[in-house]
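Notes follow once the structure below has been shown.
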Amino acid sequence: MKRYMLESRKFLKACFHWALLCCLLLASVFVVGCGSDEEDWHDEHDHAEAFDASAILNDFGNSIVLPTYTDLDNKAGELLAAVKALEGDTSQANLEAAQQAWIAARIPWEQSEAFLFGPVDTQGLDPALDSWPVDHVNLQSVLESGDPLTMDFVGGLEDTQKGFHTIEFLLFREGDQRQASDLTDRELAYLVSTTENLKASTAQLRLAWAPEGENFVSKVTLAGTGSDVYPSQSAAVQEIVNGMIVIADEVANGKISDPFNESDTTLVESQFSFNSIADFQNNIRGIQNVYGNGINGFVNSKDADLDARFQQEVQAAIDAIGAIPDPFRDSITANRGAVQAAIDAVSTVQLTLEQNILPLVQSSEFN
């Protein structure tokens, strides 16, 4: 009986398809719609709905990540050159040049925090480059020790005793313009070795993504078609969106909120250089860069109003952070309204990413 029923279904299906073909032929002659093959319609509909994220992934890897890490590595090289020049001639001009080189190197690093996944995470480069707040007591103990302040020695120190913020402490100290004449030989040696260590880390990070290195960029661009990290385009796009969520959360609920809620200046990132507000803005500009290179096109194709709203929210967050009077470490007590407004604006960015954009990616069909 089962075999008979199966053969009957095959026969009826063949008859249906023959009748449908005749109907379609008549429709083509008389321009009369007499129906469509439901199965074929769904195939065509699904194909039309599937979004090819190849351009998004390629632009993200080759137009955002690689140029940002290359710029970071170049800027770290310029910082190292400036620090060595300061060691060779401890003049005020050389100190201020090294300070400006540090500030310049912060821009690509802070923008790169919108994609803190891949090698920067798996190879432990994020904490090695940018742990904060620095431990003043431990930094002083390094300076007061008899240990040789070589690059190898610094490489073995705790993350809070090397990286960007140790360099910042040595170059700037307490925000007021430091005098070059105050720099000791031990501080200069520590400054050079920790900057050498930082440059080695930025080079490692660049090569981890570069085609001539470990080529992690191909893990992203080939998602779904040969990547051993991302089995689908959707998985890679979700990783990118989650990267934006992570930094929005960190800025709103960590970098700004922690020192604000505790009224504690020691919790402020980049407190010695008075560069905190620029850092926070560059974090959000990182989101702006990532979103504006392809993700926006995807969102716009699904929900144009959401795309326009989110772009406005990102710019509003950048503006709200910029409205906090410098230095940030003073504003956490003196300008609390402006700080709270910035927290709220960044939180809005985070919520839109979490509640609207990520679910849109998760529910969409990709090639």
In region 307-325, which residues are surrounded by 15 or more Cβ atoms within 10 Å (Cβ to Cβ), among the charged types (D, E, K, R) and under 17 Å from GLN340 (Cα atoms)? GLU313
Do we find that ILE295 is modelled with pLDDT of 95 or more, farther than 23 Å from ALA104 by Cα, of a type outside the set (Phe, Trp, Tyr) and buried (at least 19 other Cβ atoms within 10 Å of the Cβ) in this structure? yes
If a residue must be surrounded by fewer than 18 Cβ atoms within 10 Å (Cβ to Cβ) and within 15 Å of GLU187 (Cβ to Cβ), how many such residues does region 68-86 contain? 1
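Residue check: is VAL339 over 20 Å from PHE274 (Cα atoms), of a type in the set (A, V, I, L, M, F, W, C) and in a helix (DSSP H, G or I)?
Details: over 20 Å from PHE274 (Cα atoms): no; of a type in the set (A, V, I, L, M, F, W, C): yes; in a helix (DSSP H, G or I): yes.
Spelling it out, it is not the case that VAL339 is over 20 Å from PHE274 (Cα atoms), of a type in the set (A, V, I, L, M, F, W, C) and in a helix (DSSP H, G or I).
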For GLY254, work out the one condition from (1) surrounded by fewer than 16 Cβ atoms within 10 Å (Cβ to Cβ); (2) under 22 Å from the mean Cα position of the chain (by Cα); (3) not in a helix (DSSP H, G or I) it doesn't fulfil. (3)
Using the structure shown, decide if PRO211 is touching a helix residue (DSSP H, G or I) at 6+ places or on another chain (Cβ under 8 Å) and without any contact (Cβ under 8 Å) to a residue 12 or more places away in the chain. yes
Only one of (1) touching a residue at least 12 places away in the same chain (Cβ under 8 Å); (2) surrounded by fewer than 21 Cβ atoms within 10 Å (Cβ to Cβ); (3) over 19 Å from VAL246 (Cα atoms) fails for ALA304. Which number is that? (1)
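For region 134-146, check the following and say yes or no: at least one residue is within 27 Å of the chain's Cα centre (by Cα) and at pLDDT below 95. Steps first, answer last, please.
Within region 134-146, the subset within 27 Å of the chain's Cα centre (by Cα) is 134-135.
Restricting the remaining residues to those that are at pLDDT below 95 gives 134-135.
Looking for residues that are within 27 Å of the chain's Cα centre (by Cα) and at pLDDT below 95, one finds at least one in region 134-146, hence yes.
The values are calculated or read from the model by the stated rules, or taken from the named source; none is laboratory data. Computed from a predicted model, the values in this text were never measured in an experiment. Glycine gets a Cβ as well: all are built from the backbone with ideal geometry, and neighbour counts include every protein chain shown.
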